[in-house]
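First up is the structure itself, then whatever we jot down about it.
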Amino acid sequence: MKKTVFSFLIMLVFLSFEAMAQGIVTGKLVDASSGETLIGANVVEKGTSNGVATDAFGKFKLNVSNNNGTLVLSYVGYQDKTVSFALSNGKANMGTVKMSADGKLGEVVLVGKGIIDLAEDRKTPIAVSTITPEIIKAKAANNDLPELIKSTPSVQNVKGGGYGDGQVFLRGFDQTNTAFLLNGQPINGMEDGKMYWSNWSGVMDIANAIQVQRGLGSSKLAISSVGGTVNIVTKTVDTKEGGFIGGMAANNNYMKTNAYYSTGLMDNGLAVSAMLGHWQGDGYIDGTVGQGQTYFLSLGYKPSEEHVFNFLVTGAPQWHGTSRHQTITKFYDADKLGAQSLSDQLQENRRWSNNYGYYKGELYAGGRNFYHKPIVNLSWDWTIDDKKELSVTGYGSLGRGGFAFGSGIDRNSQGLYDYDGAVDAGKGYTKASVNAHNWYGVLANMNIELNDNLELNIGADGRFYNGQHYRVATDFFGVDSISQENRSIGEYAVKNTQGFNPWGSIPFFSDIARKDRMDRNFSEDINYFGAFGQLEYAKDNYSLFLQGAISNQSHQRHGFWGTTKDVLDQGLGDSEKITNLGYNLKLGGAYNVTDQDKVYTNFGYYSRQPFHDDLFVNNNYSNVTNPLTVDQNQEITGIEAGYKHVGDVQVNANVYYTQWDNRVMNGGGIDNDKDGVDDQFSTVGPISQTHYGAELELMSQLTDKLSVSAYLSLGDWRYGSNGVARTVSDDPANAEKYGDTTQIVYLDGVKVGNVAQTTAGIGLNYEVTKELSMNANYNYYADMYGNTTRVEAFINEDHKGAIKLPSYSTVDLGVRYNVELKNGNSIDVNLNVNNVFDKLYIENIRTNNHIETDSEGQWNGVDVSNQVKWGYGRTWNFGVRYNF
């Protein structure tokens, strides 16, 4: 590790021998009509790849290589602009530069620009925060998207255990109820809405902007997000030749290298961009070792000013170990705890996990995620005339991989899996629950300017999905085969192992013989068709919009597995085809009180179809539909009002109310025999949730060198009704032993759990010199409650509600050093330290155990029997990037 950091420093010193820039040009970019600042706009010195992005106040500071020259200004949805500069005493101030709508994204020809739903595309505001390219470049490092957006209102990032296992909550709703878009393309799982960030590890390296749209958002697609929409805009076709080479080191032996190159848009109209990367590390939590690669290729063609074509493929094959929830005090055997105090145990063992072991002297992850999800899309943008534009994108994804775990493998005296012992005993193996899919879709949007004041958007969205689910053997420990019984094909022996290589998973999963599948085997078809339209009227100080969408979903399950157990007979053959119609309606308006002040209000109603996994009583084994969901769309009503002020101090304030009815949720596992393993699972519904709150965001450039941003979110999120829990078994033996039950779950008035309902933060950025800057971020989380998705805690009417978790705060520090070289190239050096003071806190909890008279102890008001995940302690990353 020391050698690696030293090598980075040597490279920095060597490259810094080149002469420095001539001087500095400063200025500010604003919208020509509204005067609003343009955050993340690109400012490039013409004829070079030397450029910067505007900050949160629309301001820029660019080190230039000539005394006289030209700047090229570009921004999403705005016309490119050029301005000349002349240095005087090494400086030039361009003042406030106004840009007009209808243009490109940064140094990129915006591909699929009608599909990408950015807030700037609509004059009526929404509650939105934008993460600029400069912040992404400085903070992405070894982090996933949730970490980058955590310092925005009503957002909480939970890191999870292993690489890419984190998640983000938005206005109290988890990732399954937040829409994530990649260049306008939906990327939430079709079956359950989930997001797995390990499959998107390379996206941050090619991201130009991230926009967090809270609540109703500006998306024109026939999607119905409850918490909000997060839009990731990536590189596609660069207008200038250039690229970068980067390397990074971080805590726990993390290493990352990547390289990117673009030809730029050549005279023949062609452009090629490509990136390759590799990462590996031991993981912050014990046993969560992992590694992966990232790749990206974009082929662009612009035959004329009217047409732009782009082919893009990207993927991030990876594998990583996973951790488990911990009981607060019971980390090791009692003998090993000795006389340590509770606080000592917590501080010393916060990285503890026993979800791994050793095999032939090498660490072997006991729970392992491995996946490869290449995505391909082809886009066409056609400027028909000065009044009409058409964008069409077709895309496809082949996801292959799963989650592997052990069977018949005992633990040793340290509590770790004993793989060598399993070989000696001749009884151990690992198997993987496979999640494979083929996913294809098409998006189309036409924008028509009807007159100077009225604009129409119409479009369509189609998705076709086939998912395949089964288990396969991944590794043998002292066995040659595994005996199986499937009523479809009789008794047989599984003799082949698949392994964990994500690169090999695509051909293997395509060819694997059905007789090598075990435990379960089914597939599902999900088809989705949607249409949408939007009208926006803007005149003088007013703007109004009306938006509507309708969609039809069909779902069918195909079961191939059955045993002599009657409970599994229901899983053979084809289920009935379930078809649900959904729709949404949004309308809003805004009024410009002054050139700097605007007020707005938006209203929306969604009728949303349930997820595929909610439509069956036990999707792993049964074709029987769930009466709680099959004919019941979920209903979401949203109302919000806001105020925006632009100027030396920027203010974004809004209030919101969200009512979610007919909700169905996974009720979690039930451990009937208290052996630490769940025997049954439940679906709870229909229930309602009410979320309302207020959000405030402030930004100001206090001095030429010091800028500050701050936010405050106050929420009250709770269930508004009781529900009914239908309990089923994942294992035939448990189904026979415990049966299936239906009972009331008393949730009315219970606070929504596992997410902070009060958040606040402040960020500072100080420019020490023109090359060196420092930043600090403080984030505070409070009013968190215990897990409310596990039904065990709420089946008695006299329950005590959700336990309240202790509040916590973290401080992050960063240093950035940017060297502009004489040839227009540059070097970026970034050092980030997160949770500087090594704060100990609970970020996630699996249980909801209250302190009782016979409790063994408590920590900060939390009973020690609860199973928790601790937040990460102090972590760091150091990276060097050479831009050319």
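The values are calculated or read from the model by the stated rules, or taken from the named source; none is laboratory data. Note that the structure is predicted; figures quoted are calculated from it, not measured. Every residue, glycine as well, gets a Cβ built from its backbone with ideal geometry; the counts of neighbours run over all protein chains shown. Just so you know, the surface numbers come from the protein's heavy atoms only, side chains and all, with ligands and any DNA or RNA stripped out. Shrake-Rupley method; radii C 1.70, N 1.55, O 1.52, S 1.80 Å.
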Self-check item: Length-normalised contact order of the chain in % [C-alpha pairs under 8 Å, at least 6 apart]
Solution: 10
Quiz item: Ranked highest first by the average count of other Cβ atoms within 10 Å around their residues, in what order do 188-198, 533-543 fall?
Solution: 188-198, 533-543
Quiz prompt | Label-to-label distance, nm, for residues given as GLU852 and PHE529 (7 Å Cα→Cβ offset) | solution = 5.6
Quiz item: Which of the pairs LYS240/LYS644; LYS137/LYS770; LYS28/LYS770; LYS46/LYS123 have their Cα atoms more than 26 Å apart in this structure?
Solution: LYS240/LYS644; LYS46/LYS123
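For the chain, what is the mean residue ellipticity at 222 nm derived from helices alone (per DSSP H run of n ≥ 4: -39500 (n - 2.57); sum divided by total residues; nearest 500 deg cm²/dmol)?
Result for the chain, helices only: -2000 deg cm²/dmol.
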Quiz prompt | Distant-in-sequence amide H partners of GLY27 (H built 1.01 Å from N, under 5 Å) | solution = PHE60, MET94
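How much net charge surrounds TYR746 when only the other residues with a Cβ under 9 Å from the Cβ of TYR746 are counted, with Lys and Arg +1 and Asp and Glu -1?
Net of charged neighbours comes to -3.
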Practice problem: For the chain, find the longest principal axis of its Cα atoms and tell me its angle to the long axis of helix 2-15, 0 to 90°, nearest 10. | Solution: 20
Quiz item: Which lysines, on any chain, are close to LYS751 with Cα under 19 Å apart, when same-chain ones fewer than 8 places away are left out?
Solution: LYS800, LYS804
Quiz prompt | Sites ASP540 and TYR778, calculated FRET efficiency, Cβ-Cβ separation with R0 45 Å, nearest 0.05 | solution = 0.60
Quiz prompt | Backbone HN-Hα couplings from phi across the stretch 682-696 [Karplus 6.51/-1.76/1.60, Hz, Gly and Pro as x] | solution = 9, 10, 10, x, x, 10, 10, 10, 10, 10, 9, x, 9, 9, 9
Quiz prompt | Amide H partners (placed H, <5 Å) of ASP863, local residues excluded | solution = ILE851
Quiz item: If you count the DSSP beta bridges with both ends in the chain, what percent of them are antiparallel, to the nearest 5?
Solution: 95
Quiz item: How many percent of the accessible area of the chain is carbon or sulfur, using a 1.4 Å probe?
Solution: 53
Practice problem: Any chance you could give the angle, 0 to 90 degrees and rounded to 10, that helix 502-511 forms with the longest Cα principal axis of the chain? | Solution: 60
Quiz prompt | Whole-Hz couplings from phi, Karplus 6.51/-1.76/1.60, listed for the stretch 802-813; x for Gly and Pro | solution = 7, 5, 9, 8, x, 5, 7, 9, 9, 10, 10, 10
Practice problem: Taking the Cβ of THR26 as the centre, find all other residues whose Cβ is under 9 Å away and add up their charges (Lys, Arg: +1; Asp, Glu: -1). | Solution: +3
Quiz item: So who's got an amide H within less than 5 Å of the one on LEU628, skipping anything under 5 residues away but keeping other chains? H placed 1.01 Å off N, in plane.
Solution: none
Quiz item: For the stretch 577-645, rounded, prolate or oblate, judged on the Cα gyration tensor with a ≥ b ≥ c (square roots of eigenvalues), a/c < 1.5 rounded, else prolate if a/b > b/c?
Solution: prolate
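Mind putting a number on the dipole of the stretch 121-276 about its Cα centre? Charges go on the C-beta only, +1 for Lys and Arg and -1 for Asp and Glu, and I need it in Debye to the nearest 20.
Its charge dipole is roughly 420 debye.
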Quiz prompt | Cα→Cβ-extended label distance, 7 Å offset, between ASP798 and VAL624, nm | solution = 3.3
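Taking the solvent-accessible surface of protein heavy atoms with a 1.4 Å probe, what is the per residue accessible area of the chain in Å²? Write out the running numbers ahead of the final one.
Working: 34450 Å² over 884 residues.
Counting only protein heavy atoms, the per-residue value for the chain is 39 Å².
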Quiz item: Say each of GLN743 and LEU276 gets a label point 7 Å from the Cα, pointing the same way as Cα to Cβ; how far apart are those two points in nm?
Solution: 5.8
Practice problem: With θ set to phi - 60°, apply the Karplus curve 6.51 cos²θ - 1.76 cosθ + 1.60 along the stretch 187-195 and write out the HN-Hα couplings as whole Hz, x wherever there is a Gly or Pro. | Solution: 10, 4, x, 5, 7, 9, x, 6, 10
Exercise. Please find the FRET efficiency linking THR96 to TYR440, where r is the Cβ-Cβ separation and R0 is fixed at 45 Å, and quote it to the nearest 0.05.
Key: 0.45
Exercise. Identify which of the listed values of semi-axes √(5λ) of the Cα gyration tensor in Å was calculated from the structure shown: (1) 59, 41, 28; (2) 52, 31, 29; (3) 44, 32, 28.
Key: (3)
